[in-house]
Amino acid sequence: MRYSRSRETQLRHSRPHHKVGTSGDRLFKRVLVGIDGSNGALRAAKVAARLAKRNEAELLVVSAVQRPIYVFSPAHGVVAPTITLGDYYMYANKEAEKWVDDAVSLAEGQDVKATGHVPKNARSVVQAITEYAADQEVDLIVVGRRGMSGFKRLLVGSVSAGIVSHAHASVLVVK
């Protein structure tokens, strides 16, 4: 059936208008942002904080460090590395805690309720983030498109693609 122009106008004006972020129409109540210290993660944290503010949502900031999977041992004249895996893991966790604290401060500076979390002994970054998001009943996960680059990225794989594939919540990938 074809509507006249006045009927189309009438239909358009009869629909209720809701503003996203008002207390009665919040799209997201809990937003999680995964960070890794990269520029992409910083952009994702800024977007997540703005979304949380608009929706009066709680922001959860997560940085997961995958437990080391390679064991170095001196064999056939190879010299062992000067840093142990335990030292590396401890250093990586301290860095992750700093990134989380910085992102929480950024959000709180915009009057957003934010909390941070660094899962311990994560088998994979994707698994740690998606399981934490499910446990916390997160409505939206925000991640940067690219984190680490070069050789490190080959070892870690694409975290954003893994989160998109395995998350039970909606996922926003920020470029």
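Table for the structure above
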| read-out | value |
| --- | --- |
| Of residues in region 72-106 being at pLDDT below 95 and among the polar types (S, T, N, Q), the one surrounded by the most Cβ atoms within 10 Å (Cβ to Cβ) | N93 |
| Top-ranked residue in region 107-126 [being small (G, A, S) and assigned to a loop (DSSP other than H, G, I, E, B); ranked as surrounded by the fewest Cβ atoms within 10 Å (Cβ to Cβ)] | G109 |
| Members of region 146-171 that are in contact with a helix residue (DSSP H, G or I) (Cβ under 7 Å, 6 or more places away or on another chain) and at pLDDT 85 or above | V159, G162, I163, H166, A167, H168, A169, V171 |
| Residue check for A45: at pLDDT 95 or above, on the phi < 0 side of the Ramachandran plot and either not acidic (D, E) or not in a helix (DSSP H, G or I) (or both) | yes |
| Scope region 114-139; condition under 13 Å from E58 (Cβ atoms) and without any contact (Cβ under 8 Å) to a residue 60 or more places away in the chain; matching residues | T115, G116, H117 |
| Verdict on D111 being touching a Ser or Thr at 6+ places or on another chain (Cβ under 8 Å) and at pLDDT 95 or above | no |
| Failed item in (1) modelled with pLDDT of 95 or more; (2) loosely packed, with under 10 Cβ neighbours inside 10 Å, with G24 passing the rest | (1) |
| Counted residues, region 22-48 - those being under 11 Å from the mean Cα position of the chain (by Cα) and among the small types (G, A, S) | 6 |
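The values are calculated or read from the model by the stated rules, or taken from the named source; none is laboratory data. Quick caveat: nothing in here was measured; it's all calculated off a predicted structure. With ideal geometry, Cβ positions are generated from the backbone for all residues, glycine too; neighbour counts draw on all protein chains shown.
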